[in-house]
Amino acid sequence: MEGYVSDKEQIQLIKDWWKKHGTTILIAIVLVVGLSSGWRFWQSYKAKHAAEASVLYEQLLTAGINNKSADMKLYTDHLRKDYKHTPYASLASLMLAKADVATNNLGDAQKDLAWVVKHGKPDSIQQIARLREARVLLANNKAKQALKLLDKVDDKAFMPAISEARGDIYASQGNKAKALQQYKISLQESPKNSVLTPALQMKINQLKGNIIH
């Protein structure tokens, strides 16, 4: 019968098709299975990695409560070396920098904050570190470096705080006009009833009283 394919011919067709495409299919199956297993392994590894970093961070917090600065530095160094891609390394660096500032160790505080600016995750943590480093630089009489550091914005949600920090730097340099301008920008950028508003308004009023129009 025309168009009829016998069982033997069907088997031969299948053999021919498999000879042509079988290797490719096997490779594809192996890749899919391998990728699936690899993904599960990676997720498991990340969870374990984060859990280990969390334990170290808790130990750091305990050391901070007990004012053990040497232990704080030890835990922070460990986190930065082996867990730098987790938020815990950045949070530890911020905490260590705060302790350094409290003991007037501004050089080390700047280094800790600079590490977060370079390696921190997410962007909001980088921006917090950038703002704090700028204030440390200002306290260390490095106003120009502080202003330059604030030129880059990691997270635009922090614009009110950035403008206020710029205003403080200009005020420290005696540039009252630029300081007033930045404080006004910060006030405009701030949400209604922001915690920044009272302090900003006070700074603006003080500068207005000192500027002759």
The lone exception for LEU147 - which of (1) part of a helix (DSSP H, G or I); (2) within 13 Å of the chain's Cα centre (by Cα) it fails:
(2)
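Residues VAL195, VAL153: which one is hydrophobic (A, V, I, L, M, F, W, C), outside any helix (DSSP H, G or I) and free of Cβ contacts under 8 Å to residues at least 12 places away in the same chain?
VAL195
Here's the yes/no breakdown for (1) crowded, with 21+ Cβ neighbours inside 10 Å; (2) touching a residue at least 12 places away in the same chain (Cβ under 8 Å); (3) under 22 Å from LEU56 (Cα atoms); (4) polar (S, T, N, Q):
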{"position": "ALA89", "(1), (2), (3), (4)": "yes, yes, yes, no"}
{"position": "SER93", "(1), (2), (3), (4)": "yes, yes, yes, yes"}
{"position": "ALA102", "(1), (2), (3), (4)": "no, no, no, no"}
{"position": "LEU106", "(1), (2), (3), (4)": "no, yes, no, no"}
{"position": "ASP112", "(1), (2), (3), (4)": "yes, yes, yes, no"}
{"position": "VAL116", "(1), (2), (3), (4)": "yes, yes, yes, no"}
{"position": "GLY120", "(1), (2), (3), (4)": "yes, yes, yes, no"}
{"position": "ASP123", "(1), (2), (3), (4)": "no, yes, no, no"}
{"position": "ALA129", "(1), (2), (3), (4)": "yes, yes, yes, no"}
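No lab work stands behind these numbers, since they all come straight from the coordinates. Everything numeric in this text was worked out from a predicted model, so none of it was measured. Reconstructed Cβ throughout: ideal geometry from the backbone, glycine too, with neighbour counts over all protein chains shown.
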